[in-house]
Amino acid sequence: MINLNIEKTFGFISKEKVSAYEAEVKAAQEMLEKGTGKGNDFLGWLHLPSSITKEHLADLNATAKVLRDNCEVVIVAGIGGSYLGARAVIEALSNSFTWLQNKKADPIMIYAGHNISEDYLYELTEYLKDKKFGVINISKSGTTTETALAFRLLKKQCEDQRGKETAKKVIVAVTDAKKGAARVTADKEGYKTFIIPDNVGGRFSVLTPVGLLPIAVAGFDIEKLVAGAADMEKACGSDVAFAENPAAIYAATRNELYRNGKKIEILVNFCPKLHYVSEWWKQLYGESEGKDNKGIFPASVDFSTDLHSMGQWIQEGERSIFETVISVEKVNHKLEVPSDEANLDGLNFLAGKRVDEVNKMAELGTQLAHVDGGVPNMRIVLPELTEYNIGGLLYFFEKACGISGYLLGVNPFNQPGVEAYKKNMFALLNKPGYEEESKAIQARL
Ligand SMILES: O=P(O)(O)OC[C@H]1O[C@H](O)[C@H](O)[C@@H](O)[C@@H]1O
């Protein structure tokens with residue numbers, strides 16, 4: 001179970017002010033529970049972990065086995081909420097060099113459909129030429145251009161290389177029950193499909209088949225992931241006292257910091273495996289809160305790497321930031337710094353120490369330096385990178401996001417702003433139905 005510590009924000013905001021959020025948080029929680037707030041048709045994530053059945057998980061694991069048995073490589077085609085959760089969990093739990101290893105117990109997981117780079121897609125299709133590959137096509141709307149375009153290429157290549165019959169077995173769709181092109185194609189081709197519930201938005205969908213299927217294919221235990229999320233659902237429940245409820249405290253603290261001019265939240269890790277947890281978190285908070293000309297800007301850094309690039313700005317730049325550090329208490333492996341007789345690098349003072357001890361001192365030293373430099377600091381401790389703990393962390397962030405969005409006064413469950421670029425792109429590409437927009441945009445160029 002995670003542990004949240006906000007002590008190092010108290011030089012900047014007061015404990016009393018955070019505690020004073022109790023009533024506001026309670027009201028926000030009630031809006032979530034009773035469905036009386038904005039975006040109330042998108043609350044399917046709220047009690048999702050505790051409602052996932054053994055049968056559902058067995059169905060996902062059975063499909064995962066078909067892909068694992070028949071594919072050396074599995075492509076997860078999706079963008080935004082349709083790939084970030086899966087990638088966050090898979091990368092957090094995988095060996096950092098898994099894709100370079102010769103003895104592959106698990107299929108190599110590759111992501112596509114999240115960009116429109118011709119080189120990326122060319123290089124991917126080249127790489128796949130001699131591979132037995134499968135595809136999980138993930139799109140809630142079923143019409144997202146990036147994903148649909150990649151899937152068109154991958155479907156054709158899979159059928160050409162492996163034959164239509166095998167392709168049918170190794171292509172799986174995760175999409176809406178009825179709507180969208182992904183659904184039409186899946187039904188016509190006879191693919192196995194999983195449904196993304198209507199009332200779960202993309203960025204809250206990691207615990208639906210959107211996340212669970214790829215995670216199971218990659219070889220991780222989705223039962224434990226869901227168990228961790230379900231325990232966190234209890235720990236963050238509306239019946240849990242404010243002071244004991246990590247989602248309530250996190251939501252209150254970040255809103256109090258925001259109201260005191262801290263407009264940017266930087267999610268920090270000291271473990272590169274967590275890079276995509278930050279990417280997932282940025283979508284969750286960015287799309288949920290960045291609207292009505294309001295919202296904390298969610299940013300992220302990987303330390304100590306970025307201490308050598310962004311560290312300067314964080315230490316001495318404009319004082320409009322705060323940090324939320326995810327700290328992993330216990331690493332998976334043991335590696336000691338060797339002793340060296342010549343000691344040319346002067347590192348013998350570290351000889352015999354665990355590398356993680358050095359990392360932990362970098363973390364502690366950074367926290368103190370940043371607090372001294374005027375950066376409020378929250379800390380989330382994960383006991384270990386396991387399915388259970390990651391499941392808990394994801395749900396904690398989701399619940400806090402729902403509360404936080406209501407504290408901010410926005411609808412945390414829509415994302416109207418993302419349509420603007422799409423409209424222009426379709427107009428520029430002369431998509432049928434965009435004739436008027438095409439004319440108008442051409443006149444602007
Ligand atoms: O799952 P899809 O419908 O393909 O959507 C994928 C993503 O793209 C959209 O434009 C939204 O901004 C995201 O919230 C969503 O997660």
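So which lysines pass the test for LYS291, namely a Cα distance under 24 Å, with those fewer than 8 places away in the same chain ruled out?
Of all the lysines, those that pass the test against LYS291 - Cα under 24 Å, at least 8 places apart if same chain - are LYS26, LYS34, LYS38, LYS140, LYS262, LYS263, LYS282, LYS399, LYS422, LYS423.
Summing Lys, Arg as +1 and Asp, Glu as -1, what charge do residues with Cβ under 9 Å from the Cβ of LEU267 carry, LEU267 excluded?
Net charge in that neighbourhood comes out at -1.
How would you rank ARG354, ARG379, ARG444, going from fewest to most other Cβ atoms within 10 Å of each one's own Cβ?
ARG444, ARG354, ARG379
Compute the Cα gyration tensor for the stretch 312-392, then decide on rounded, prolate or oblate, letting a ≥ b ≥ c be the square roots of its eigenvalues: rounded whenever a/c is under 1.5, prolate when a/b is larger than b/c in the other cases, and oblate in all that remain.
Numbers: a/c = 3.82, a/b = 1.28, b/c = 2.99.
The shape class here is oblate.
Beyond 32 Å, how much of the Cα-Cα pair distribution for the chain remains, as a whole percent?
42 percent
So which lysines pass the test for LYS103, namely a Cα distance under 23 Å, with those fewer than 8 places away in the same chain ruled out?
Qualifying lysines at Cα under 23 Å: LYS65, LYS129, LYS131, LYS132, LYS273, LYS334.
How large is the charge dipole for the chain, taken about the Cα centre, if only the Cβ atoms of Lys, Arg (+1) and Asp, Glu (-1) carry charge, to the nearest 20 debye?
On the way: 52 positive and 59 negative charges, 249 e Å.
I would put it at about 1200 debye.
Mind checking Rg over Rh on the stretch 297-445, alpha carbons, Kirkwood formula for Rh?
Using Cα coordinates only, the ratio equals 1.17.
Treat every Asp and Glu Cβ in the stretch 45-219 as -1 and every Lys and Arg Cβ as +1, leave all other atoms uncharged, and give the resulting dipole magnitude about the Cα centre to the nearest 20 debye.
360 debye
Considering the convex hull of the alpha carbon atoms of the stretch 226-296, report its projected area averaged over all viewing directions, in nm², one decimal.
Answer in nm², one decimal: 6.2.
Given the stretch 105-199, report the % of alpha carbon pairs whose separation exceeds 20 Å.
Within the stretch 105-199, distances greater than 20 Å cover 35 percent of Cα pairs.
Rank these for me by crowding, GLU189, GLU387, GLU55, going from fewest to most other beta carbons within 10 Å.
By the 10 Å Cβ count, ascending, the order reads GLU55, GLU189, GLU387.
Roughly what percent of Cα-Cα pairs across the stretch 45-219 reach past 20 Å?
Across the stretch 45-219, Cα pairs with separations above 20 Å total 48 percent.
Share of antiparallel DSSP beta bridges in the chain, in percent to the nearest 5?
10 percent
When a/c is below 1.5 the answer is rounded, else prolate if a/b is larger than b/c, else oblate, so apply that to the stretch 1-148 with a ≥ b ≥ c taken from the square roots of the Cα gyration tensor eigenvalues. The partial results should precede the final answer.
Working: a/c = 2.14, a/b = 1.90, b/c = 1.13.
The shape class here is prolate.
Laboratory data are not the source of any read-out in this text; all were calculated from the coordinates shown. As the structure is a computational prediction, the values presented were derived from the model and not from experiment. Heads up, the Cβs are rebuilt from the backbone with ideal geometry, glycines too, and the neighbour counts pull from every protein chain shown.
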